[in-house]
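The values are calculated or read from the model by the stated rules, or taken from the named source; none is laboratory data. Bear in mind that the values here come from a model prediction, so they are computed numbers and not experimental data. Cβ placement follows ideal geometry from the backbone for every residue including glycine, while neighbour counts extend to all protein chains displayed. When the accessible area is computed, the model is the full protein with side chains, heavy atoms only, and any ligands, DNA or RNA have been set aside. Shrake-Rupley method; radii C 1.70, N 1.55, O 1.52, S 1.80 Å.
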Amino acid sequence: MPAKAPITQDVLTIPRREEAGGPLNLVGLTRDGMRAALIEAGTPERQAKMRVGQIWQWIYHWGVRDFARMTNLAKDYRAMLAERFEIALPEVVTRQVSEDGTRKYLVRIAGGHEVEVVYIPEEDRGTLCISSQVGCTLTCTFCHTGTQKLVRNLTVAEIVGQIMIARDDLGEWPVPGAPKDETRLLSNIVLMGMGEPLYNFENVRDAMRIAMDPEGISLSRRRITLSTSGVVPEIARTATEIGCNLAVSFHATTDAVRDVLVPINKRWPIADLLDALRAYPGLSNSERITFEYVMLKGVNDSDEDARRLVRLIKGIPAKINLIPFNEWPGAPYVRSDWSRIRAFADIIYKAGYASPIRTPRGEDIMAACGQLKSATERARKTRAEIAAEAGLS
Ligand code: SAH
Ligand code: SF4
């Protein structure tokens with residue numbers, strides 16, 4: 001019998017595989033990190049930069065996993081690489097495809113933990129929703145992930161690995177000699193899966209830098225959106241160190257309600273959050289902040305809420321993304337009626353803001369926003385605990 005996983009709200013740290021004597025995974029290393037590793041393995045310093053460039057292209061441009069296929073490297077050198085290093089991705093456990101084409105992958109990472117990754121095809125784009133943590137230490141009362149007790153930060157390799165897994169499945173690595181195809185199946189990334197990305201900032205940053213690197217996956221910073229529940233001290237770094245778009249899980253217009261829905265609000269209340277957003281570097285009409293707002297019947301969906309929301313965000317280049325609540329087993333809320341959502345959207349739209357209503361995708365496979373939670377995760381909170389946190393008991 002395998003030992004039971006510890007049940008804890010603390011973020012677990014696991015020993016890196018290479019510390020246990022195994023080969024070092026090249027996936028997830030920064031260019032500097034890869035250079036240092038190659039030198040350590042005997043690559044002459046004056047060649048190291050060039051070798052990094054070559055290997056980087058094989059891994060991130062061509063999607064090659066086998067050192068033997070790196071034909072612009074000498075045979076001996078390839079043999080050395082194969083001995084000392086590996087090119088390893090997390091393992092795909094299951095792959096489900098929704099009626100609407102949404103794909104959900106359950107991915108197993110070191111320690112036997114699982115995270116979910118969702119691919120959402122649309123007419124003009126294909127968005128991959130990736131996870132930054134196993135579970136989440138925050139306990140937003142409407143979010144399924146927040147009910148999962150076991151939490152650990154994902155490594156850089158595990159974050160960038162989710163993108164590589166999706167490209168594998170979509171068959172999207174380029175073929176040498178084929179005409180360049182400008183339409184990408186995987187064109188956008190949103191950090192809106194499991195976890196709070198700003199609680200795992202360095203790993204998320206390094207993974208996004210790999211995804212943006214022009215000699216590899218080469219996604220533009222404008223096609224990446226990081227969603228945070230409002231970790232105020234880390235917000236500015238998102239702009240200066242990653243440069244991607246920012247989305248904020250706002251969800252309420254008074255501290256009393258937001259304290260319940262997004263409990264991190266008790267630490268950084270609405271006024272502090274708005275100050276940080278006003279100061280977000282590089283903010284402009286072409287680079288607006290997305291305010292995410294989940295529509296919960298009778299909780300945050302009144303006309304008064306809509307008007308207060310407009311007043312609060314005055315002066316911030318913004319769009320408001322209304323998310324119809326996605327229900328999950330035991331959830332303590334229900335989705336607002338469509339007529340209510342439309343009335344709410346209308347007030348915001350008339351105040352001059354784009355107010356798209358997000359179409360729920362992949363609901364039949366529990367892939368919609370906030371429904372992610374690894375099915376094999378046994379440390380579930382009881383319904384009573386969930387209700388107590390929502391202040392409903
Ligand atoms: N932790 C980050 C990113 C992951 S959640 C954050 O909270 O921003 C991505 C988005 O889905 C957030 O806006 C979150 O509030 C929303 N969400 C969570 N549970 C949901 C649910 N059941 N229905 C609809 N949206 C939900
Ligand atoms: Fe964590 Fe985001 Fe879910 Fe809140 S909404 S519990 S921050 S994943």
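A few notes on this one:
- Whenever a residue of region 26-44 is of a type in the set (A, V, I, L, M), its partners that are not in a helix (DSSP H, G or I), lying with C-beta atoms within less than 7 angstrom and at least six residues away or across chains, give the pairs 26/85; 26/87; 27/87; 27/88; 27/89; 34/26; 37/24; 37/29.
Here's the yes/no breakdown for (1) more than 14 Å from ligand 1 (Cβ to nearest atom); (2) surrounded by fewer than 12 Cβ atoms within 10 Å (Cβ to Cβ); (3) under 18 Å from residue 155 (Cβ atoms):
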{"site": "178", "(1), (2), (3)": "yes, yes, no"}
{"site": "189", "(1), (2), (3)": "no, no, yes"}
{"site": "193", "(1), (2), (3)": "no, no, yes"}
{"site": "200", "(1), (2), (3)": "no, no, yes"}
{"site": "207", "(1), (2), (3)": "yes, no, yes"}
{"site": "213", "(1), (2), (3)": "yes, no, yes"}
{"site": "218", "(1), (2), (3)": "yes, no, no"}
{"site": "222", "(1), (2), (3)": "yes, no, no"}
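- From the list 78, 103, 65, 69, the one residue that fits, being among the charged types (D, E, K, R), open to solvent by 20 Å² or more (accessible area, probe 1.4 Å) and touching a strand residue (DSSP E or B) at 6+ places or on another chain (Cβ under 8 Å), is 103.
- Pairs meeting the criteria (first residue in region 288-305 and among the polar types (S, T, N, Q), second residue open to solvent by less than 20 Å² (accessible area, probe 1.4 Å) and assigned to a strand (DSSP E or B), beta carbons under 6 Å, at least 6 apart or on different chains) are 290/247.
- For the criterion of being assigned by TED's automatic domain parsing to the domain that holds residue 228, surrounded by fewer than 19 Cβ atoms within 10 Å (Cβ to Cβ) and within 16 Å of ligand 2 (Cβ to nearest atom), residue 266 passes.
- Looking only at region 144-155, and only at residues there that are within 15 Å of the chain's Cα centre (by Cα) and open to solvent by 20 Å² or more (accessible area, probe 1.4 Å), the one that is farthest from ligand 2 (Cβ to nearest atom): 155
- Only one of 248, 257, 232 that is crowded, with 23+ Cβ neighbours inside 10 Å and within 16 Å of ligand 2 (Cβ to nearest atom): 248
- Residue that is farthest from residue 119 (Cα to Cα), among those in region 348-371 that are surrounded by 18 or more Cβ atoms within 10 Å (Cβ to Cβ) and more than 23 Å from the chain's Cα centre (by Cα): 348
- When 326, 321 are checked against the criterion of being assigned to a loop (DSSP other than H, G, I, E, B), open to solvent by less than 70 Å² (accessible area, probe 1.4 Å) and under 26 Å from residue 119 (Cα atoms), a single residue qualifies: 326.
- In the set 163, 159, only one residue is closer than 24 Å to residue 139 by Cα and surrounded by 15 or more Cβ atoms within 10 Å (Cβ to Cβ); that residue is 159.
- Here 294, 310 are screened, and the one residue that is open to solvent by 20 Å² or more (accessible area, probe 1.4 Å) and either of a type in the set (Val, Ile, Thr) or at pLDDT 95 or above (or both) is 310.
- Output for region 85-143, where each listed residue is farther than 27 Å from residue 185 by Cβ and within 16 Å of ligand 2 (Cβ to nearest atom): 113, 135, 136, 137, 138, 139, 140, 141, 142, 143
- Whether a residue is closer than 19 Å to residue 140 by Cβ, open to solvent by less than 60 Å² (accessible area, probe 1.4 Å) and in contact with a strand residue (DSSP E or B) (Cβ under 8 Å, 6 or more places away or on another chain) was assessed, and residue 305 does not pass this test.
- Condition broken by residue 344, with the remaining ones in (1) touching a His at 6+ places or on another chain (Cβ under 8 Å); (2) among the aromatic types (Phe, Trp, Tyr); (3) in a helix (DSSP H, G or I) satisfied: (1)
- Matching residues, region 329-347, being surrounded by 21 or more Cβ atoms within 10 Å (Cβ to Cβ) and within 16 Å of ligand 2 (Cβ to nearest atom): 331
- Residue match in region 30-50 (condition: at pLDDT 95 or above and within 30 Å of residue 138 (Cα to Cα)): yes
- Remark: residue 52 falls outside the filter, which requires a residue to be open to solvent by less than 60 Å² (accessible area, probe 1.4 Å) and in the same structural domain as residue 210 (by TED's automatic domain parsing).
- Top-ranked residue of region 252-275 - restricted to ones that are touching a Phe, Trp or Tyr at 6+ places or on another chain (Cβ under 9 Å) and closer than 17 Å to residue 234 by Cβ, ranked as nearest to ligand 1 (Cβ to nearest atom): 262
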